[in-house]
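Inspection log for the structure reproduced underneath, given as structure tokens.
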Amino acid sequence: MEIKYNKENEIDLPISPSLEKNIEALDSIFSEWGDIVKKKFVLERAEDTLDMYIIYIDGLTDNEMVERTITRPLLYEWRNAGPGDAGNTKEEKKMQGDDVFKRLFHNQTEAVDLVEKKTMMDAVSAVLKGDTAIFIDGADKVMLLSTKKLPTRSVDSPQKEGGLKGPRDSFNENLRINTALLRRRIKDPKMKAKQNHLGQRSRTEYALMYMEDLVYPSLLDEIEKRLESFTIDGVFDSGMLVHLLEEKWYSPFPQVQTTERPDKAASAIMEGRVVLVVDNSPEVIILPTTFNTFFQAADDYYNRFAVGSFARCLRYLAAYITVLLPGLYIAITCYYPQVLPTDFLLAIVGARNDITFPIVVEVLLMEFLFEILREAGIRLPGQMGNTIGVVGGLIVGQAAVEASLVSTIVVIVVALTAIASFAIPNEEFSSTFRLLKFAMIFLGAVWGLYGIMLGILIIQIHLASMESFGIPYMMPLVSGSIDDELEFQDFILRKPIFTMHNRPLYARRGARRRFWRR
């Protein structure tokens, strides 16, 4: 049987009252599927018979649930019911099929999550998600039972956003578990979850979660508009979706935020932001975002405000060290050695006595070695990766110094830069600073401090021109609200929680109050 598809790669075929035609269509769609399970039942009582067809995918479906809630109840009820009217004509059989369908759907199945659909595409999509489709002869619709039992990891600890205080659970690759982790934290009926799918072939499900009374409707419309503005074969992770949602794709700075921590995502929802949960991805997307949010860690709010503020100051300092330190070292030693103290300058000269390479080559050589070690540590499994990162760095650095390839000062500069990059809590944001570091090395080598200042100016102009779904990226530095002081309550310095009465500017203007004293 030839199956027709529309332009959205969807099957254009209704459910037929003839069970044989439905079976023929399903055999054509699922031909050469070794993991498909399909079974035709012929139930008999007196002179009455009922033909029924069940289909599901082995490995995605809870087989015991199918048997417990569908086959056993139907077989028992049908065989113990009184004789029925078999019907001879096509119209009589259709009336009997519709009647049996209603009776089975409403009375004789021990399942709650049971729906009926009228198109073959709905049936096939449900089967591909792990549900079970039940066809009945004479009925022009199908029963779909939720029997998903998808292979997935258990809820584990965060791997990239660890902390000393706060919850230890993290998202995994199951959409329903991820939405449940958010529902567990926000027990408010105003938190909505709009669900849809992306990808013509992967049909990856996603859910937009937000607080109905806090989010701006224009923000929600803009997000949905961007999600519907493209057509793609498949989406396998939220990382792919991030690139499709960003407006300035050429910018090295991420314009949306991702997190693997449910408490962080729940906090964003309570601020009036939107969380995009994507199936098969252990990270969710938070929209919109600003430059400052990437320096915020979840445990900032679980520690005392002085400790949290100090940690944030260290992160900002670490960001500047990551970007500027190698470039400044090259610019000063090559163009302005007179600004250095005499003893320090003599120490640099003494360390470079036997070095044949220029300072720029020294720095680039060590930077590339550390980046290679970092990448190797990520790819190697478990403890072996950590060992390669630490031991490899020590051995390579010491060997390079003894071989007179680099000086000890350069090893210290590069090591301090690498350590500072790990202090930034968002890995994607940290990668941006590591990339800009090489641009600053080039500018410092060519134009000295003038090049460094030019690079800083270009970065600042670029950041000031960026937006994330209508929110200025450098908020609150480049824009203000009615009360500017409120926007700085959770900036570099975090105020005590009992003084943070209002939500950030993401929330609706009339719904920003979040803390009251009784």
- line: Between the residues Asn9, Phe135, Val115, the Cα farthest towards the positive end of the dipole of the chain, that dipole coming from +1 and -1 charges on the beta-carbon of Lys, Arg, Asp and Glu, is from Val115
Hits among lysines - C-alpha to C-alpha of Lys148 under 17 Å, sequence gap 8 or more where chains match: Lys38, Lys129
- prompt: For the range 147-203, how big is Rg over Rh, using alpha carbon atoms and the Kirkwood form of Rh?
  reply: 1.02
- request: Considering only protein heavy atoms, with the full assembly of protein chains and a 1.4 angstrom probe, order Tyr56, Tyr216, Tyr5 by accessible area, largest first.
  value: Tyr5, Tyr216, Tyr56
message: Report the Rg/Rh value for the chain, based on alpha-carbon coordinates and the Kirkwood definition of Rh.
response: 1.11
- prompt: Separation between the Ala306 and Ser431 pseudo-spin-labels, each 7 Å from Cα along Cα→Cβ, expressed in nm?
  reply: 3.9 nm
Relative contact order for the chain, counting Cα pairs under 8 Å that sit 6 or more residues apart, in percent: 13 percent
query: Can you pull the Rg over Rh of the range 227-332, Cα-only, Kirkwood?
result: 1.05
statement: Treating only Lys and Arg (+1) and Asp and Glu (-1) as charged, each at its beta carbon, one finds that the range 174-288 has a dipole about its Cα centre, in Debye to the nearest 20, of 380 debye
message: Charges on Cβ only, +1 for Lys and Arg, -1 for Asp and Glu, centred on the Cα centroid of the chain; of Ala418, Leu435, Phe41, which one is farthest towards the dipole's positive end?
response: Ala418
task: Take the Cα pairs of the range 100-220, get the Kirkwood Rh, then feed it into Stokes-Einstein at 25 °C and 0.890 mPa s and tell me D in µm²/s.
output: 139 µm²/s
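About the Cα centre, and with charges only on the beta carbon of Lys, Arg (+1) and Asp, Glu (-1), how big is the dipole of the chain? Nearest 20 debye, please.
My answer is approximately 1880 debye.
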- line: Gyration tensor on Cα atoms of the range 251-305, a ≥ b ≥ c root eigenvalues, a/c under 1.5 rounded, else prolate if a/b beats b/c, else oblate, says oblate
- prompt: Once the Cα gyration tensor of the range 245-397 is diagonalised, what are the square roots of 5 times its eigenvalues, in whole Å and ordered largest first, as equivalent ellipsoid semi-axes?
  reply: 38, 21, 17
statement: Farthest towards the positive end of the dipole of the chain, among Ile286, Val339, Ser404 and with Cβ unit charges of +1 on Lys and Arg and -1 on Asp and Glu, lies the Cα of Val339
query: In what order, largest first, do Trp447, Trp249, Trp516 sit by accessible area if the probe radius is 1.4 Å?
result: Trp249, Trp516, Trp447
query: Among Lys192/Lys225; Lys7/Lys40; Lys117/Lys192, which pairs are too far apart, with a Cα-Cα distance over 28 Å?
result: Lys7/Lys40
field: Three principal axis lengths of the range 146-273 [C-alpha, angstrom, descending]
entry: 38, 35, 34
query: What lysines sit close enough to Lys437 to cross-link, taking a C-alpha to C-alpha distance under 28 Å and skipping anything fewer than 8 places away on the same chain?
result: Lys160, Lys248
- prompt: If one puts a single equal scatterer on every Cα of the range 397-518 and applies the Debye formula without solvent, what log₁₀ I(q)/I(0) results at q = 0.10, 0.16, 0.17 Å⁻¹?
  reply: -0.54, -0.99, -1.06
field: Cα-based reach from Lys165 at 22 Å (exclusive), listing lysines while leaving out same-chain residues under 8 positions away
entry: Lys264, Lys495
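The values are calculated or read from the model by the stated rules, or taken from the named source; none is laboratory data. Bear in mind that the values here come from a model prediction, so they are computed numbers and not experimental data. Glycine gets a Cβ as well: all are built from the backbone with ideal geometry, and neighbour counts include every protein chain shown. Side chains included, ligands, DNA and RNA excluded: accessible areas come from the protein's heavy atoms. Shrake-Rupley method; radii C 1.70, N 1.55, O 1.52, S 1.80 Å.
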